[in-house]
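S.K.: Below you will find the structure I want to go over with you.
Nothing in this text is a laboratory measurement; each read-out follows from the coordinates by a stated rule. Note that this is a predicted model, so its numbers are computed, not measured. With ideal geometry, Cβ positions are generated from the backbone for all residues, glycine too; neighbour counts draw on all protein chains shown.
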Amino acid sequence: MLDKRDPAANDRRIEALLLHREVEDFNNAYAAALDEQRLDEWAEMFTDDAFYVVISRENADRKMPVGLIYCENKGMIQDRAFALQHTAMFAPRYLRHIVGNLQILGEEANGDIRARANYVVVQVLLDRPDAKLHQVGVYYDKFRRVGDRLKLAERRCVYDNLLVDNALCLPV
Amino acid sequence: MTLNCNAGALGYAQTNATIERMTGMALQEPILAQQYAWPDDDLTIIPDWVYTDAAIYAREVERIFHGPTWNYVVLEAEIPNAGDFIRSHVGPTPIVVARADDGSINAFENRCMHRAAEFCRELSGTAKEFICPYHQWTYDLKGNLIGIPFRRGVAGKGGMPADFKPQEHGLRKLNVTTHRGVVFASYADDMEPFTDYLGPEVLREFEATFDGRKLTVLGHYRHSLPGNWKLYHENLKDPYHATLLHTFLVTFGLLVAGNRSLMLTDASGRHGVMASAKSDKTVAGDTKKEMRSYKEGMTLREPRFMDFIEEFDSPWSVTMATIWPNLIVQREMNTLGIRQIVPTGPHEFIIKWTMFGFAGDDEAMTRHRLRQGNLMGPAGFLGLEDNEAIKFVQDGMQGAPNGRHIVKLDPATPAGTSDTLISESAIRAMYRHWREAMDL
């Protein structure tokens, strides 16, 4: 509901809605890029200085830094994308990334937008009958506006499941 | 009566019970020996039942993991203070490792003596004592039973028998030894010292990695792997695969056929160290042709990732030590890790990785270790490939009875240490030992 007596407050609320929607669109496009294994496009969704890590909740809770995937900049993200597409040996699979429960948490001093969202990754192997829950966790994000697009300056994927089912072949 | 050689998931217990019903006799050792006869007594052939049979697995737990072996359980750095504890495993058996007030490290089964409840539920923590949540039987940090609620009953009724002695009902305790900050446990009471257990050559490599610097734990990976636990040892006693499967190793000269390398085993054959020296030289044309995974002109956008910062007194840039029966020590340039094997059945095991650095590391070195960690673990450029390959092997054995593997590479070395990468002599040495340990 718009408040007819306070147009400035309305503008702030509309802006928040637009930002929420923009980040949601970003996350949907991110999930689609991974589901379809368009990894070059996935890498382009990060800023040049981006930090990307997939880390267990066990480690995160204990302030331990080891990540399944640990990228300190976009170059490492691109190396990951290249390696998975051209060198790594793993069985074919279907993946479904589902992102929800988005919350915009605030703004950093440099203008980066802090957000979090829950995620689920479901995996289908071609030699097993079932789709299995591969990861469930939270994205802790910092988004930055680059030109007219949002990009990820940081994405920390903290997964709850204690065990990785054999191997995490594609990013989260 | 004929017995199916590949009892598979039905396993020994059921077969045994059937025989007992039919003959009124317990299964005799000679029948077992017949059923599980090694093909032609030839170590270059490994029968599938080694990897798929439930009876074999049960015997491994009894004779290997619960037998005369030193099993890795924790790093001392993870339980530095009195009261610190961690949940661990010896074979599939859950245990707790705790540091007592006198500084001693104690290992005992995570199984209440009363009704078998797995009483310790946290992955790690600090405690004064352990209280079973079910009926609150209480144990001290050494596993002694120190409290039973209502032991004398209430108002003169009920309670434990008058002659029940708590001191005889402590938790099942394991023997513990440590070497250079690495803690091992054993069910056997007459174990040789750990240094003798490794033998001088494997010990030298162990001490090259654990060189006396204080360890700092950087974190863990945990994953399941749908294969037999021995395949993990074999993968690291099989330098042949590393030159072929892993493009990263090959392309960046980390492990190339023709590089200086060694596949070491101890005298018993149970332990091994795969070692190689990084090379900057380019791959020779004829070698390259054999290596389909070699990618000409591949470059990294972040080449720092593959830097090797010299820090060890060793000619090798990479060593992978397989310490029987449940430990891998990874020294892949500067990314360092413990891998603990926890078997959960013939067809699956869990690996818990503990990645570490040293107390003297500055932030840049820690970052370097973390960056290089992208090579290993269940999402590592090499690690994910190994996990996939082992799964494929286990898959390949399903539904095809009486199958066999061949491990004939490098006949000049029948079993044991080899200086060529194109060898399976360390796998044969492991099975020579395994057959002795299993009496098969």
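S.K.: Sum up the charges of everything whose Cβ sits under 9 Å from the Cβ of B:Gly143, counting Lys and Arg as +1 and Asp and Glu as -1, but leave B:Gly143 out.
M.R.: Cβ neighbours under 9 Å give a net charge of +1.
S.K.: Less than 9 Å Cβ to Cβ from B:Tyr232, Lys/Arg counted +1 and Asp/Glu -1: what total charge do the surrounding residues give?
M.R.: For residues surrounding B:Tyr232, the net value is 0.
S.K.: Using only Cα atoms and rounding to the nearest 10 degrees, what angle (0 to 90) does helix B:200-209 make with the longest principal axis of chain B?
M.R.: It works out to around 90 degrees.
S.K.: Can you list the residues, at least 5 places off or on another chain, whose amide H is less than 5 Å from the amide H of B:Val318, using H built in the peptide plane?
M.R.: Counting only residues 5 or more places away or on other chains, the set is B:Ser276, B:Lys278, B:Met333.
S.K.: To the nearest 0.05, what FRET efficiency results for B:Arg435 and A:Arg114 with a Förster distance of 60 Å applied to their C-beta separation?
M.R.: 0.50
S.K.: As an exercise, identify the GluC sites (Glu not before Pro) in the stretch B:140-240 lying in DSSP coil whose Cβ has no more than 13 other Cβ atoms within 10 Å.
M.R.: Answer in residue order: no site qualifies.
S.K.: While we're looking at this one, here's another question. Only counting other Cβ atoms within 10 Å, I'd like B:Val154, A:Val23 sorted with the fewest neighbours first.
M.R.: By the 10 Å Cβ count, ascending, the order reads B:Val154, A:Val23.
S.K.: Within 10 Å of each candidate Cβ there may be at most 14 other Cβ atoms; applying that plus a DSSP loop requirement, which GluC sites (Glu not before Pro) in the stretch A:1-46 survive?
M.R.: A:Glu36
S.K.: Which pairs break 22 Å Cα to Cα here: B:Lys230/B:Lys352; B:Lys230/B:Lys391; A:Lys63/B:Lys391; A:Lys63/B:Lys230; A:Lys132/B:Lys391; B:Lys173/B:Lys214?
M.R.: A:Lys63/B:Lys391; A:Lys63/B:Lys230; B:Lys173/B:Lys214
S.K.: Here's another thing I want to ask about it. In µm²/s, what is D for the protein assembly as shown at 25 °C and 0.890 mPa s, where D = kT/(6 pi eta Rh) by Stokes-Einstein and Rh is the Kirkwood radius from Cα pairs?
M.R.: Estimated diffusion coefficient is 92 µm²/s.
S.K.: What percent of all Cα-Cα pairs in the stretch B:360-440 falls in each 5 Å bin, counting up from 0?
M.R.: 3, 12, 11, 12, 18, 16, 11, 8, 6, 2, 1
S.K.: Obtain the nm distance between the two label points defined at B:Asp102 and B:His241 by a simple spin-label model: each point lies 7 Å from its Cα along the Cα-to-C-beta direction.
M.R.: Distance between label points: 4.5 nm.
S.K.: What nm value, rounded to one decimal, do you get for the distance between B:Asp41 and A:Glu44 when each label is placed 7 Å out toward the C-beta?
M.R.: Roughly 6.7 nm, to one decimal.
S.K.: Quick check: the angle from helix A:7-35's long axis to the longest principal axis of chain A, C-alpha only, nearest 10 degrees?
M.R.: Long axis of A:7-35 versus the principal axis of chain A: about 10 degrees.
S.K.: To make sure I understand the rule: partners must be aspartates and glutamates, Cα under 19 Å from the Cα of B:Lys408, and not fewer than 8 residues away in the same chain. Which ones qualify?
M.R.: Within the straight-line cut-off, B:Lys408 pairs with B:Asp40, B:Asp41, B:Asp42, B:Asp48, B:Glu234, B:Asp238, B:Glu290, B:Asp419, B:Glu424.
S.K.: For the residues B:Thr417, B:Thr177, what sequence is obtained by ranking on other C-beta atoms within 10 Å, fewest first?
M.R.: In increasing order of surrounding Cβ atoms, one gets B:Thr177, B:Thr417.
S.K.: So for the pair B:His135, B:Arg172, with labels modelled 7 Å out along Cα→Cβ, what separation do we get in nm?
M.R.: The two pseudo-label positions are separated by 1.9 nm.
S.K.: Moving on to the next point. To the nearest 10 degrees, how steeply does helix B:363-372 sit against the main Cα axis of chain B, on a 0 to 90 scale?
M.R.: For helix B:363-372, the angle is close to 80 degrees.
S.K.: What is the ratio of the Cα radius of gyration of chain B to 2.2 N^0.38 Å, with N the residue count, to two decimals?
M.R.: Relative to the 2.2 N^0.38 Å estimate, chain B comes out at 1.07.
S.K.: Sticking with this structure for a sec: Order these by the 10 Å Cβ neighbour count, fewest first: B:Tyr139, B:Tyr431, A:Tyr140.
M.R.: Final ranking by Cβ density, sparse to dense: A:Tyr140, B:Tyr431, B:Tyr139.
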